[in-house]
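Trainee: Sharing a structure below in structure tokens format, with a few things to ask.
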Amino acid sequence: MNFRLATIEDVPGIIKVSIDTWRTAYQDIFPADYLNNLSYEESEEKWRKRFINPEKNIFFYIAETEAKKIIGFILGGFEQQDLTLKIPGIRKYVGELRAIYVLKEYQRSGIGVKLVKMVVERLLEKNINSMIVWVLKDNPNGKFYEILGGKYIGQKMLEKEGVDYVAFAYGWDDIRQILSY
């Protein structure tokens, strides 16, 4: 297994992992029509823009097999839009784990933990020691963040395809604890 920074050449593999993981992880959350209509082709422009015009202080890492098949990725960086400040009583988290996807057949094998550690190491290099992640309440993989020491800190409502969903926030006041997993 190889882990590395993602490049624009990785976009097709990232898209495949993203859509395939959505279809398996969220099959009991989102309408089947929505998941079935997710398009690799329509997603490509959005993902390419993230590499051509990257936001400042975000970074992608991928996990790939020895045969160079991308089987997972993570997106991390500075916390976006000051969302944590909009939850009464919640402190500001500086780092954010924005997305992590690992193909179902590779989950529970340590790949996700390794990807999170890569984000943590990068945040620590930038002197950021706190982090937040938003997770759909009904996401079957939500406990992953608790296993890594994330504490439930609040929730918000999201709307997608005309359906309201609850998203939980997990936070780490000191992300260095993740490196011990």
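Trainee: What's the number of the only condition in (1) on the phi < 0 side of the Ramachandran plot; (2) part of a strand (DSSP E or B); (3) at pLDDT below 95 that GLY77 fails to meet?
Mentor: Every condition holds for GLY77 apart from (1).
Trainee: Report every pair of residues separated by at least 6 positions or lying on different chains whose Cβ atoms are under 8 Å apart, first residue within the stretch 86-103 and farther than 20 Å from GLU55 by Cα and surrounded by 14 or more Cβ atoms within 10 Å (Cβ to Cβ), second of a type outside the set (Asp, Glu) and modelled with pLDDT under 70.
Mentor: ILE90/THR84
Trainee: When you look at GLY142, is it in contact (Cβ under 8 Å) with a residue 40 or more places away in the chain and either touching a Gly at 6+ places or on another chain (Cβ under 8 Å) or surrounded by 12 or more Cβ atoms within 10 Å (Cβ to Cβ) (or both), yes or no? Can you show your working first?
Mentor: Values: in contact (Cβ under 8 Å) with a residue 40 or more places away in the chain: no; either touching a Gly at 6+ places or on another chain (Cβ under 8 Å) or surrounded by 12 or more Cβ atoms within 10 Å (Cβ to Cβ) (or both): yes.
Taking the combined requirement at face value, the residue does not satisfy it.
Trainee: Follow-up. Go through the residues of the stretch 98-120 one by one and say whether even a single one is part of a helix (DSSP H, G or I) and over 19 Å from VAL17 (Cα atoms). Can you show your working first?
Mentor: So in the stretch 98-120, the residues part of a helix (DSSP H, G or I) come out as 104-106, 111-120.
If we keep only those that are over 19 Å from VAL17 (Cα atoms) as well, we get 117, 120.
Taking every residue of the stretch 98-120 in turn, at least one turns out to be part of a helix (DSSP H, G or I) and over 19 Å from VAL17 (Cα atoms).
Trainee: Kindly provide the set of residues from the stretch 60-80 that are surrounded by 15 or more Cβ atoms within 10 Å (Cβ to Cβ) and either within 11 Å of the chain's Cα centre (by Cα) or of a type in the set (S, T, N, Q) (or both), ordered by number. Steps first, answer last, please.
Mentor: Looking only at the stretch 60-80, we keep the residues that are surrounded by 15 or more Cβ atoms within 10 Å (Cβ to Cβ), and these are 60-64, 70-79.
If the condition is that a residue be surrounded by 15 or more Cβ atoms within 10 Å (Cβ to Cβ) and either within 11 Å of the chain's Cα centre (by Cα) or of a type in the set (S, T, N, Q) (or both), then PHE60, TYR61, GLY72, PHE73, ILE74, LEU75, GLY76, GLY77 are the ones that fit.
Trainee: Do we have GLY149 as touching a helix residue (DSSP H, G or I) at 6+ places or on another chain (Cβ under 9 Å), in contact (Cβ under 8 Å) with a residue 60 or more places away in the chain and over 21 Å from THR21 (Cβ atoms) here?
Mentor: Details: touching a helix residue (DSSP H, G or I) at 6+ places or on another chain (Cβ under 9 Å): yes; in contact (Cβ under 8 Å) with a residue 60 or more places away in the chain: no; over 21 Å from THR21 (Cβ atoms): yes.
Judged against the criteria, GLY149 is not a match.
The values are calculated or read from the model by the stated rules, or taken from the named source; none is laboratory data. Since the model is a prediction, treat every value here as computed from it, not as a measurement. Reconstructed Cβ throughout: ideal geometry from the backbone, glycine too, with neighbour counts over all protein chains shown.
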